[in-house]
């Protein structure tokens, strides 16, 4: 079918982009959606619009949109990576964590970069968070003989024995998440997100909170406004009875822009702050 897109659509798309940059999200979304209905398929605008609806929490809508436009003509390799990262984030928030990991593993195999390390490193932490252990071990027997998707990429080239029981797979996964996030920090030891991922590995996956603190503090020194780092550092303040310091960090975190790959949401932070300030 012949596209309805013309010069007017291109002009409107540029207007939508400028409107987005000015912070008028609702109007930008309206203009973008008119453009896409008219046949717009420019990867720059595809990604810009996807960011807007992801920030609104419309993950299913964003996921379907990204699939529809995944072969936009002229898409660069960097834009392709960004599209898949956004897709993986949507999958994660829709409860499809394994699918998100598999998509990121495909990218990693083609050659890692900072964004891939940041995203996949965080998703691995989510997969092997201690709170997920019971569900992991309870997987049906027929699935136990299959290679766990969380371990597929991590096992490559390690020369390790293949774990058989779910308990062995869980432990192997935990150790390999540590190796991956250490690899990410080795790749760029000044990347605050990778440092935070390594810290969360120690904190959430391995339960080694003092070791985690070292990396949270390193991340904080590089990027003082990083949301998750501030949140976890506030946990130490609370454990030490320093509520004022914890509140300050949480208030600072609320000044940031939240993403689907943040451990805590804006609403969760706001609710906890109300409790802390109310003395409850």
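Yes/no matrix, rows are residues, columns are (1) in the same structural domain as residue 36 (by TED's automatic domain parsing); (2) within 16 Å of residue 40 (Cα to Cα); (3) part of a helix (DSSP H, G or I):
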site	(1), (2), (3)
57	yes, no, no
60	yes, no, yes
63	yes, no, yes
70	yes, yes, no
74	yes, yes, no
78	yes, no, yes
84	yes, no, yes
87	yes, no, yes
101	no, no, yes
Checklist outcome for this item: Taking segment 4-55 and keeping residues touching a helix residue (DSSP H, G or I) at 6+ places or on another chain (Cβ under 9 Å), modelled with pLDDT under 95 and exposed (fewer than 13 other Cβ atoms within 10 Å of the Cβ) leaves 4
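Taking the condition of being assigned to a loop (DSSP other than H, G, I, E, B) and either farther than 25 Å from residue 171 by Cα or out of contact with any helix residue (DSSP H, G or I) (no Cβ under 9 Å at 6 or more places or on another chain) (or both), how many residues in segment 207-248 meet it?
Of the residues in segment 207-248, the ones assigned to a loop (DSSP other than H, G, I, E, B) are 207-208, 223-226, 240-242.
Imposing the further condition that a residue be either farther than 25 Å from residue 171 by Cα or out of contact with any helix residue (DSSP H, G or I) (no Cβ under 9 Å at 6 or more places or on another chain) (or both) reduces the set to 223-226, 240-242.
Count: 7.
Would you confirm whether any residue within segment 153-164 is assigned to a loop (DSSP other than H, G, I, E, B), surrounded by fewer than 14 Cβ atoms within 10 Å (Cβ to Cβ), at pLDDT 95 or above and not assigned by TED's automatic domain parsing to the domain that holds residue 188? Full working, then the answer.
Residues of segment 153-164 assigned to a loop (DSSP other than H, G, I, E, B): 153-164.
When the remaining residues are screened for being surrounded by fewer than 14 Cβ atoms within 10 Å (Cβ to Cβ), the result is 156-162, 164.
If we keep only those that are at pLDDT 95 or above too, we end up with none.
Within segment 153-164 (the criterion being assigned to a loop (DSSP other than H, G, I, E, B), surrounded by fewer than 14 Cβ atoms within 10 Å (Cβ to Cβ), at pLDDT 95 or above and not assigned by TED's automatic domain parsing to the domain that holds residue 188), the answer is no, since none of the residues qualifies.
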Checklist entry - What pairs can you find where one residue is in segment 121-141 and modelled with pLDDT of 95 or more, the other is exposed (fewer than 13 other Cβ atoms within 10 Å of the Cβ), and their Cβ atoms are less than 9 Å apart, with a gap of 6+ or different chains? => result 130/207
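The values are calculated or read from the model by the stated rules, or taken from the named source; none is laboratory data. Values in this document were obtained by computation on a predicted structure and should not be read as measured data. Ideal geometry is used to build each Cβ from the backbone, glycine not excepted, and the neighbour counts take in all protein chains shown.
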